[in-house]
Amino acid sequence: SGSSDPYCVVKVDNEVVARAATVWKSLDPFWGEEITLLLPRGFHRLTIYVLDEDTIGQDDVIGKVSLSHQQISAEPWGEWGARRGGGQWDPSWHRGVPTLSPSAGVDSWLSLAPVNPDQEVQGEIHLELRVPERGHPRVLRCHLIEARDLAPRDASGTSDPFGRVSCCGHTLETAVIKKTRFPHWDEVLEFELPEGELGEAVLSVEVWDWDIVGKNDFLGWVEFFLDTLCSGPTRGWFQLLPFPSTTEDHRGQLGALRLAVRLLDDTVLPPHHHQPLIQLLTEPILCPAQTPEGTALAVLEEVTSGESRQDVVTKLVKIFLGQGLAVPLLDHLTTRELARTTDPNTLFRSNSLASKSMEQFMKVVGLPYLHEVLKPVVNRIFEEKKYVELDPGKMELRWGRRISFKGSLSEAQVRESSLELLKGAAGGTSSMGDIVDAIVGSVDKCPLPMMVAFKQLHRWVEERFPSAQHEEVWYFSISGFLFLRLFAPTVLAPKLFRLREQHAEPCTGHTLLLLTK
């Protein structure tokens with residue numbers, strides 16, 4: 001069809017940790033998914049594979065982006081720039097300026113690299129290496145003890161691994177251990193070393209999967225400089241690495257992935273350690289006599305912007321909810337913003353600390369409410385898959401067969417049927433459901449903290465703009481949050497609010513877009 005059904009798989013050190021939803025029939029998929037992972041401090045590599053889902057047969061691998069721990073942590077967030085990793089950064093794909101923040105990470109378009117089996121290695125090998133400082137002849141003893149979590153190379157889901165050790169022009173191999181990804185060799189291979197300085201001489205330990213027919217499959221390798229082994233025995237588990245890449249540059253040929261990876265090293269302390277910070281943050285709420293400009297909350301608003309402000313707000317709302325002070329926090333921030341607003345038409349339009357805090361508060365407190373109110377309606381829209389289009393330039397009249405069994409419809413008929421469906425879904429009767437009636441009829445289901453917060457918001461706005469000509473603003477301030485920042489985003493992207501397991505197909509997604517508008 002000239003298209004794909006792409007999805008992403010996220011691996012950490014070759015362990016699958018997450019899967020993004022399939023976006024149907026698209027070469028320009030948008031996922032918008034945020035995944036939070038708790039990683040071991042010693043992780044080595046993060047890899048994102050882009051695949052094409054197929055109904056019959058195996059899914060096709062389109063490409064991958066691979067980032068080492070060092071690459072992610074080497075640069076401040078947003079300044080990763082044109083460093084080239086497993087997936088390569090290409091300026092021609094970069095659509096926008098990355099946001100700068102103090103944490104380490106990557107935020108840019110990364111070209112997909114081809115997936116080479118020799119690069120898809122995993123696991124570790126347990127070795128003991130000894131090189132005597134003196135003696136004639138000097139003999140290097142390489143003890144291959146075992147390996148674990150090797151990549152499966154055979155159809156059975158296992159491998160037939162053996163070790164191959166090379167040093168100073170000589171190569172020795174271990175026995176083959178059949179049908180396992182956790183081989184135990186316990187073999188010692190010895191190499192006679194040349195006299196004199198070892199210089200740049202290296203010891204290479206490779207692991208291969210033995211095949212009775214065809215070529216053996218590579219499972220990984222590790223390399224040591226001999227002069228580093230002379231100080232004493234070296235023993236431990238070593239990560240198996242891929243061969244250095246020899247593939248040609250495929251930048252742009254396989255597409256690119258817009259990826260934002262942030263690496264945060266959090267230290268979790270007992271609650272009493274946080275008490276001074278909590279007291280500092282809650283002080284303007286509990287002791288309102290203090291000058292508002294000098295409080296911690298005022299400083300946070302001054303020094304944050306963009307994504308860093310969203311991070312701060314997420315934690316701020318969580319802290320104040322835990323203290324039972326979320327609504328007083330919103331009161332404090334709202335009154336501060338109202339005091340510096342002169343035009344009521346611009347009220348809460350920016351991503352200020354007040355508006356972002358209210359938005360985050362609604363998402364945390366109102367998520368079960370969203371599910372109860374909107375999920376039945378959204379599910380019906382997904383199931384019915386009605387074709388809806390109002391723009392004549394975008395109409396595909398062949399889709400009219402979904403509306404009528406009499407064959408293709410005219411533009412006017414498609415537009416009329418689309419209007420009926422949208423009006424029905426947004427405020428009349430339709431098999432697609434009735435979103436507005438579902439919302440209006442949900443007053444008794446609305447969480448009490450949200451109702452209290454909105455009542456307070458109405459009060460503060462009315463006090464700031466008491467004139468009768470501004471009466472609508474008292475209500476627009478609430479609907480701006482409730483509809484534009486809660487209900488509308490949920491209808492537009494129900495998967496991001498966990499109403500659906502998958503993203504919408506293009507036809508359903510367009511219907512949701514028109515309903516949102």
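Gain on full extension, evaluated as 0.36 nm per residue between E420 and Q279 minus their Cα-Cα distance, stands at 45.2 nm. The calculated 222 nm mean residue ellipticity attributable to helices in the chain amounts to -9500 deg cm²/dmol, summing -39500 (n - 2.57) over DSSP H runs of n ≥ 4 and dividing by all residues. Residues M358, M451, M395, ordered by accessible area of protein heavy atoms at a 1.4 angstrom probe radius and largest first, appear as M451, M395, M358. Could you tell me which label, among (1) 3, 14, 19, 16, 14, 12, 10, 7, 3, 1, 0, 0; (2) 3, 14, 19, 20, 18, 12, 8, 5, 1, 0, 0; (3) 3, 14, 21, 23, 20, 12, 5, 1, 0, carries the value of P(r) over Cα pairs in 10 Å bins from 0, in percent calculated for this structure? Only one option fits the structure, namely (2). Going toward the positive end of the dipole of the chain, with +1 on Lys and Arg Cβ and -1 on Asp and Glu Cβ, which of T22, P284, G57 do you reach last? Value: P284.
Averaging the sequence gap over all C-alpha pairs within less than 8 Å and six or more residues apart, then dividing by the number of residues, gives the chain a relative contact order of 11 percent.
Straight Cα distances below 15 angstrom link K179 to the aspartates and glutamates E146, D149, D154, D160, D209, D211, D217, with same-chain residues fewer than 8 positions distant left out.
Counting only heavy atoms of the protein chains and using a 1.4 Å probe, D266 has close to 110 Å² of accessible surface. Please give the FRET efficiency for N351 paired with S1, using the beta carbon to beta carbon distance and R0 = 30 Å, rounded to the nearest 0.05. Working from the Cβ atoms, E equals 0.15.
Since only L316, I435, C230 are under comparison, the one whose Cα sits farthest along the positive direction of the charge dipole of the chain, derived from C-beta charges on Lys, Arg, Asp and Glu, is I435.
S418 sits with roughly 0 Å² accessible to a 1.4 Å probe, with DNA, RNA and ligands left out of the calculation.
In terms of distances greater than 21 angstrom between alpha carbons, the cross-link table entries K375/K517; K64/K315; K178/K215; K356/K455; K25/K363; K386/K423 yield K64/K315; K25/K363. Starting from the Cα of C230, step 7 Å toward the Cβ, then list every residue of region 121-156 with an amide N under 19 Å from that point. The answer is 129-142. Model label sites at E173 and N14, defined 7 Å from Cα along the beta-carbon direction, differ in position by 2.0 nm.
Here E187 and A488 are evaluated by their C-beta separation; at R0 = 51 Å the FRET efficiency comes out at 0.20.
Here r is the Cβ-Cβ distance between R41 and H458 and R0 is 45 Å; the resulting FRET efficiency, rounded to 0.05, is 0.40.
Between 0 and 90 degrees, rounded to the nearest ten: what's the tilt of helix 326-339 against the longest Cα principal axis of the chain? Taking the Cα atoms of the chain, the angle to 326-339 is about 70 degrees. Between E53 and E471, the contour length at 0.36 nm per residue exceeds the Cα-Cα span by 145.2 nm.
The values are calculated or read from the model by the stated rules, or taken from the named source; none is laboratory data. Bear in mind that the values here come from a model prediction, so they are computed numbers and not experimental data. Note: ideal-geometry Cβ built from the backbone for every residue, glycine included; neighbour counts use all protein chains shown. Accessible surface is based on the protein model in full, side chains and every heavy atom, while ligands, DNA and RNA are left aside. Shrake-Rupley method; radii C 1.70, N 1.55, O 1.52, S 1.80 Å.
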